[in-house]
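Read the figures in this text as sums done on the coordinates, not as results from a lab. For clarity, every value in this text was computed on a predicted model and none was experimentally measured. All Cβ positions, even for glycine, are placed from backbone atoms using ideal geometry, and neighbour counts span all protein chains on display.
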Ligand code: PLP
């Protein structure tokens, strides 16, 4: 047992913070022994400060969730007011914060996705969406793409395609993976976006036929796959998946946990293709992640399945009032401050053109792709062979050096294998975005000179 006092003065010693972390905090997705976490002491807007009071421009939005930046006064105030009134009440009661949050979310979800089942985050949202699809259809298989991430709980990690599934896969009953469209590393030898779309849809139809349509409950897709590489699908692909789902009686689950709530320059990324899924899952940006919240938006047809038959699932903290108050403040601020429009502007006017220029200057940038404030830069050893600068599911000294060089100059970028993801808050100003891109440019120049 250690002392139990929580006086805030305790939090003012960053060295103690670090020592206690290394002694007691077991970090996710990591080998523990050699971890060296950065201590963050404070944050505001687009910036965080480390223990030496270095200011870092946050191009990560943490795990791509602080969509309105750090310490947004309106969200902080909403949480404080809710805490002063009613910290918590169980999911079975009606509560103003929960009702208003559901109403606001439903006012932005596409089509008839008007009923909101709340969860604590993205993985459990996907777990429940799959359970709803299975109960609704009476079928069990779930199809998902290899290059995807759907969460760290057992079922969500089984349908995940990326390497985080490998050590967690215990047979994955009912989970079948297929190739989504990704022109830069096409599984279909396609050379144009149209070819990639058509061949990916033909491939998916074959997978459905060979797995047996009568066994498939759902297809779950990130509308824009995020951690697996921000691969914006070709126009018409999601509409094609919608058609296949309709033809074979399959529930279409759109995972908008990362891409949703404005990140792609639309409220939901699936709107780029004008598609209405049967179930839509969300988390992260719904309340900028200030208090954990996720959920599933249900179509009327799926809602009707459970109108007179109990839905056999729920969570103690479902629709937690503090999280819902943060969601209400977030969505109202997004509406009033035209945040989604600003995200689209940043993509079209700042990130898109600047990253094209960067690719023209640095020949080890193999591909640049994205929309809104959702961009990936893929680094290669050779543009012709497209050999990645770090292996799939691995790292490399060059990538590590690039991250260090960026951080030394005051930029915190998000990195995965051979990619840098540029995913700052949607509230980032054009000036801040350009400053971050300049730092990336300098870091690329420095690492090229030293390492390659
Ligand atoms: N789905 C997608 C697309 C995600 O990006 C994530 C997390 O990064 C999840 C699901 C899992 O969400 P959570 O970590 O809140 O459980």
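Considering the stretch 425-452, and only residues there that are outside any helix (DSSP H, G or I) and in contact with a helix residue (DSSP H, G or I) (Cβ under 8 Å, 6 or more places away or on another chain), the residue that is nearest to residue 363 (Cα to Cα) turns out to be 452. Would you check which residues across the stretch 124-137 are touching a residue at least 60 places away in the same chain (Cβ under 8 Å) and either more than 10 Å from the ligand (Cβ to nearest atom) or out of contact with any strand residue (DSSP E or B) (no Cβ under 7 Å at 6 or more places or on another chain) (or both) and list them? Correct list: 128, 129, 130, 131, 132, 133, 134, 135, 136, 137. Pairs linking a residue in the stretch 253-265 that is farther than 17 Å from residue 330 by Cβ to a residue that is in a loop (DSSP other than H, G, I, E, B) and within 7 Å of the ligand (Cβ to nearest atom), with Cβ atoms under 6 Å and 6 or more positions apart or on different chains, are 255/150. Scoring residue 220 on the criteria (1) free of Cβ contacts under 8 Å to residues at least 40 places away in the same chain; (2) under 30 Å from residue 388 (Cα atoms); (3) not in a loop (DSSP other than H, G, I, E, B) leaves a single failure, condition (1).
Of the residues screened, residue 103 is one that is without any contact (Cβ under 8 Å) to a residue 40 or more places away in the chain, under 24 Å from the mean Cα position of the chain (by Cα), surrounded by 12 or more Cβ atoms within 10 Å (Cβ to Cβ) and farther than 30 Å from residue 435 by Cα. Of note, residue 259 does not satisfy the criterion of being outside any helix (DSSP H, G or I), in contact with a helix residue (DSSP H, G or I) (Cβ under 6 Å, 6 or more places away or on another chain) and farther than 18 Å from residue 376 by Cβ.
Within the stretch 268-277, one or more residues are within 28 Å of residue 79 (Cα to Cα), crowded, with 22+ Cβ neighbours inside 10 Å and under 14 Å from the mean Cα position of the chain (by Cα).
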